[in-house]
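Heads up, the thing below is written out as structure tokens.
Please treat every number below as a calculation from the coordinates, not as lab data. On a predicted model such as this, the values are computed, not experimentally measured, just so you know. So basically every Cβ, Gly included, is an ideal-geometry build from the backbone, and we count neighbours across all protein chains shown.
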């Protein structure tokens, strides 16, 4: 039963009050036609809870922007929503199409800085892989009642393939329920090749201003956290509190090994106490054992990355060294579930923080 505008409504009560349910929730498809946005496509999802977001079917059904009650929840890069035909796979060319957004998919066979892996392809692997630039096929948008819940769903499939090599298919569903301030991603990866393949799959989520600002706090309980350059173990005092935009700044990357609650779920939050606003991430630790954490507090490109995945964003060599490099066998299927939601107000934020603490104690 949806909770909207301070009270709960039955299906019957809502139908009595609207001409069409698109007045309260839905998804609309459109086309981006100017400049290098051509080919990215557009699906706008609206939820009367205050959450709305834009999906790009030409870019792996990634979520290019998201807002809550008019406030952006994510960083938006200067490139805009670049279409897949403009992909530059060499070196750092990926950055010429990095729109930031709420979710940029990285993988499926590689994430990290450009690297050559002599034990596999023995060729340069470009920054963060090809997945974000693969267009979706069989895209479907669907909205309807499921018992007392009105649900909006977007589905599609992406395939990363090369003749005589990789053949991985990703089936993705993104859904949101009327009245809820969250979205859910369900990804299913199947190896359609006759050979095993490396599987490196990371959700590159990119919170930005106004959620990200000076003193915004990361809420995570990590068994162990290391920084990227010397692989040193560090404590929360190093990464927990964000700085404001800096004139002279450098990138920092941390790899968290998070703790799960009694149900096997990890909870991560980013909290702006001044705005009484937060984002949370929830996912099963058996599917997603690592959280990569990127801090880029430069003026003009002010962003942080909360990046849950089955691998570190530090490349094949790092993951092989730390025994976190995974493979997917022929015919094998892997599933990934990620929930991203809004925390609105002190009560929701404090309840979330208690949940994290109780989960660690369980």
When you count, for each residue, the other Cβ atoms within 10 Å and take the mean per peptide, how do 225-236, 307-318 rank with the highest first? 307-318, 225-236
In nm, give the distance between the simple-model label positions of residue 232 and residue 8, each being 7 Å from the Cα along the Cα-to-Cβ direction. 5.2 nm
Need the C-alpha centroid separation for the stretch 55-82 versus the stretch 171-188, integer Å. 16 Å
Determine the shape class of the stretch 1-104: with a ≥ b ≥ c the square roots of the Cα gyration tensor eigenvalues, call it rounded for a/c under 1.5, and otherwise prolate if a/b is greater than b/c, oblate otherwise. prolate
Can you bin the stretch 101-240 into rounded, prolate or oblate? Criterion: square roots of the alpha carbon gyration tensor eigenvalues sorted a ≥ b ≥ c, rounded for a/c under 1.5, prolate for a/b above b/c, oblate for the rest. oblate
Shape call for the stretch 183-319, from the Cα gyration tensor axes a ≥ b ≥ c (a/c under 1.5 means rounded, otherwise prolate when a/b beats b/c, else oblate), comes out prolate
Peptides 345-356, 240-251 ordered by average Cβ neighbours within 10 Å, highest first: 345-356, 240-251
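Could the peptides 159-167, 335-343, 34-42 be put in order, highest first, of the mean number of other beta-carbon atoms found within 10 Å of their residues?
Listed from highest to lowest mean packing, they are 335-343, 34-42, 159-167.
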Tell me, how many Å apart are the Cα centres for the stretch 314-362 and for the stretch 108-131? 23 Å
Multiply the residue separation of residue 90 and residue 251 by 0.36 nm, subtract the distance between their alpha-carbon atoms, and state the gained length in nm to one decimal. 55.8 nm
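When only Cα pairs under 8 Å and 6 or more residues apart are kept, what is the percent relative contact order across the chain?
Once normalised by length, the contact order is 15 percent.
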Helical mean residue ellipticity (222 nm; -39500 (n - 2.57) per DSSP H run of 4+; nearest 500) of the chain: -2500 deg cm²/dmol
